[in-house]
Structures are given as structure tokens and as C-alpha cells.
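Here's the structure, in C-alpha cells; my notes come after.
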Amino acid sequence: MDNRVLLLLTLSTCVALAQNMGSSMGQRCVCRRIRGKFGSPKQIMDIQILPPSHSCDKLEIVVSLKNGLQYCMNPKAENVEKVIRSIIAMKKKATAPSTTTTSTTSSSSNDE
């Protein structure tokens, strides 16, 4: 009976340690290294902004180039923040409802 209790205690300690190590070492962030500067804007094909999530607690910015390469940007760099603000502004503009109104006139010949 004592062996069972000791085995159960040892097993639960191992599980607790493994979970604790997994949470600090097991983050699955996309970016391992980050850059502070953009390359040539003409070469950029796509910019993905990945918000913090349960698998990675960092804001990540992934830049995809036309030649297939990808790199990550430092979200706290001043030039990166400017680009993000302009992207957000463009998206807001694109999704804003149009304020243009069109009027149509209809004539009815049965109103006599």
C-alpha cells in the first residue's frame, strides 16, 4: 500500500513539473528572431499581424516577400508602428460604409 502512495505521489510530481516546463518552454511563436527595419517596400507581398494568443503571448508581425522569404518585424520599432498604423487606417477606410448616395427618379404614367 505504501508503494502505491509513493508511486502516485512521484507520478503526480512528474506531471506537475512537466506541465510547468511545458508552459514556459512550449510557446509556439512564429517569430524566433525579429528585425527592426523593413526591406524594400516593392518586394513586400503580404504583412500579417498576429495578435497574442494562448500559444504565444507576443504580438508578431510577419512580412512575406515576393521571392517567398518571410521575416518578422519588431512591433515596438517606431518605423514598424507607423506602417501598422497606416495599414489599420487603410483597412478602416476600405471597410467604412460609403457615404455616396444616388438618387433615381421614377416617372409613373398611371398617376393621372
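Name the pairs: first residue in the stretch 76-87 and over 14 Å from residue 63 (Cβ atoms), second residue part of a loop (DSSP other than H, G, I, E, B) and of a type outside the set (Gly, Ala, Ser), Cβ to Cβ under 9 Å, at least 6 apart or on different chains?
Once the first residue is over 14 Å from residue 63 (Cβ atoms) and sits in the stretch 76-87, its partners that are part of a loop (DSSP other than H, G, I, E, B) and of a type outside the set (Gly, Ala, Ser) give 76/59; 81/75.
Looking for whichever is surrounded by 12 or more Cβ atoms within 10 Å (Cβ to Cβ) and modelled with pLDDT under 80 here; the options are 84, 88. Which one fits? Spell out how you get there, then give the answer.
Working: 88 fails: surrounded by 12 or more Cβ atoms within 10 Å (Cβ to Cβ).
So the residue among 84, 88 that is surrounded by 12 or more Cβ atoms within 10 Å (Cβ to Cβ) and modelled with pLDDT under 80 is 84.
Determine whether the stretch 20-30 contains at least one residue that is in contact with a strand residue (DSSP E or B) (Cβ under 9 Å, 6 or more places away or on another chain), at pLDDT 85 or above and loosely packed, with under 14 Cβ neighbours inside 10 Å. Working first, answer last.
Residues of the stretch 20-30 in contact with a strand residue (DSSP E or B) (Cβ under 9 Å, 6 or more places away or on another chain): 29-30.
Then drop every residue that is not at pLDDT 85 or above, which leaves 29-30.
Then drop every residue that is not loosely packed, with under 14 Cβ neighbours inside 10 Å, which leaves none.
No: zero hits.
Considering only the stretch 32-74, state which residues are within 24 Å of residue 91 (Cα to Cα), assigned to a loop (DSSP other than H, G, I, E, B), touching a residue at least 24 places away in the same chain (Cβ under 8 Å) and under 15 Å from the mean Cα position of the chain (by Cα).
Result: 58, 74.
Every residue in the stretch 31-47 that is at pLDDT below 90 and under 14 Å from residue 80 (Cβ atoms), please.
34, 35, 36, 37, 38, 39, 41, 44, 47
The values are calculated or read from the model by the stated rules, or taken from the named source; none is laboratory data. None of these values were measured; they are calculated from a predicted model. Cβ: placed from backbone, ideal geometry, glycine included. Neighbour counts: every protein chain shown.
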